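These notes concern the structure reproduced below.
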Amino acid sequence: MLTEAARWFVLLASGEATEAEREGWRSWLAADPRHKAGWQRAETAMALFADIPREQAHASIEALERRPALRSRKRRRVLGSIAGLLASSLIGWQGWRRSDWSADHYTAIGEQRSLHLADGSVLLLDTDSAIDLAFSSQLRLIHLRRGRLSLTTAPANPSPRPPLMVQTAEGRVQALGTRFTVQQSEGSTRVAVQEARVAIHLKSAADPAPVLSAGESARFDRFGLSEQRAAHPHENAWTQGMLIADDLPLAELIAELARYRQAPLIVDPSTRDLRISGTYPLADTDRALSVLADILPVRILPLHDGDPGRGQIIVRRR
C-alpha cells in the first residue's frame, strides 16, 4: 500500500497524469480509509525533499526532454526511482510510528489528550506524542517517548511515595510538588516550570541535579545542561490550545503550527526571518495561516500545483 501511495503521488506531481489517471487516483483514495492515510504519509515524506531548489530537482528531467527518442522510457525510469525512494521513506516512517502504537498512551497529529494518573496527578499529552507509565509502590515513572506533555502533580500525601519522574532519552525530570512541561526533541529535552520546582537528573552527570524554580526553563542533552534561562511567559499557551507569538521569527511560528497538521508547511527562505506577534489557534491552523497572510507580506500557496492535499508553502508577496 505504501508503494502504491508513492506511485500515485509521483504520477500526480509529475504533471503528466491524464484526467483518467486522476479519476483513478480519486477512486483509489475513496476505496479504503487506509489509502487516505497512506497518501497523507506520502505528503509528509515528500516534505523532506521540499528544500531542494526547484531548478536542481528538475534538471535531470529537463535534460531528458532534450532527447525525444529516450524521453518516455527514461522519464518513467526517473519517476520510478523517485517513487522507490519515497516508498522507502514511508516504510521507515511507518516502522517508527508503529513503535509508538505500542505505547500506553499516544496522540494523533492535531490531538491533545488529558489523563488522570493513578496517584491523582493530571497529565496533558500534546499533539503527536507518546508515553509509557510505570506506577507502583516503588516507582512513579512517566516515559516520554516522543512529543510534549504538561504535568500537574497531585496534592501532597501524608503517606510516603516514591519520587515522580518524567524520563526522556537524555535523563529524568523529578517533580518537586509542581506544574511543568517537558518536550522531547531530537537529541535534547526541554523543561519549563510553571509552579514550584523540578530537579534534572542528567544521564551524563555525576554532579548534584540542577534544580529549576517556577518561571525557569532549561534544555539538556546527553552531554549535560546546554541552556538555562527565564521561561517565556507564553511558553505553555499550548495547554490552552493557543500559540502566542511575541516578535517571533516566522520560521519558528510555522514550525510550531506544523506540529498540529498532517500536511506539510514549508517556509520560503525569503520569509523565514519576518517577525510576527499575535495569538493563533492550534486547533484551526488554516485559520492561523489566513491571519498571517493578512498581516505579513506573504502569500499562502499550495505546495504543488493541482495538489488535492493541504500541503502549503509560505512565499513573499510580489
Search the structure for amide H atoms under 5 Å from the amide H of A231, placed 1.01 Å from N in the peptide plane, and list their residues when 5 or more places away or on another chain. E216, S217
For segment 162-215, alpha-carbon Rg and Dmax in angstrom: 10.5, 29
List, in order, the whole-Hz ³J(HN,Hα) value for each residue of segment 188-193 obtained from phi through the Karplus relation with A = 6.51, B = -1.76, C = 1.60 and θ = phi - 60°; use x for Gly and Pro. 7, 10, 10, 10, 9, 10
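If the chain between M242 and I109 were fully stretched, how many nm would it gain, using 0.36 nm times the residue separation less the Cα-Cα distance?
Details: separation 133, 0.36 × 133 = 47.88 nm, distance 1.55 nm.
Length difference between fully extended and current span is 46.3 nm.
Starting from the Cα gyration tensor of segment 130-197, take the square roots of the eigenvalues, sort them a ≥ b ≥ c, and report rounded, prolate or oblate (rounded when a/c is under 1.5, otherwise prolate if a/b is larger than b/c, else oblate).
On the way: a/c = 2.38, a/b = 1.45, b/c = 1.64.
Oblate, since a/c reaches 1.5 and b/c is not below a/b.
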Check which residues have an amide H placed less than 5 Å from E111's amide H, if you skip close sequence neighbours. D128
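For segment 155-312, which whole percent of the accessible surface, found with a 1.4 angstrom probe, sits on carbon and sulfur atoms?
On the way: 3930 of 7900 Å².
Summing carbon and sulfur atoms, their accessible area is 50 percent of the total for segment 155-312.
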Quick one: which of 125-135, 246-256 comes out on top by average Cβ neighbours within 10 Å, and what's the full order, highest first? 125-135, 246-256
Non-local residues with an amide H under 5 Å from the amide H of L164, with H modelled 1.01 Å from N and Pro and chain starts lacking one, are A175
Projected label distance in nm at R310 and V122, using a 7 Å step from Cα toward the beta-carbon: 2.8
Within 10 Å, Cβ to Cβ, of P163, how many net charges do the neighbouring residues add up to if Lys/Arg are +1 and Asp/Glu are -1? +3
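D132 to E23: FRET efficiency via 1/(1 + (r/R0)^6), r the Cβ-Cβ distance, R0 41 Å, to the nearest 0.05? Can you show the working numbers first?
On the way: r = 45 Å, r/R0 = 1.10.
The calculated FRET efficiency here is 0.35.
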Could you compute the FRET efficiency for R299 and A30, with r as their C-beta to C-beta distance and R0 at 30 Å, rounded to 0.05? 0.45
Any idea of the accessible area per residue across segment 159-253, 1.4 Å probe, to the nearest Å²? 48
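The values are calculated or read from the model by the stated rules, or taken from the named source; none is laboratory data. Since the model is a prediction, treat every value here as computed from it, not as a measurement. Glycine gets a Cβ as well: all are built from the backbone with ideal geometry, and neighbour counts include every protein chain shown. For the accessible areas, the whole protein counts, side chains as well, though only heavy atoms, and no ligand, DNA or RNA atoms are used. Shrake-Rupley method; radii C 1.70, N 1.55, O 1.52, S 1.80 Å.
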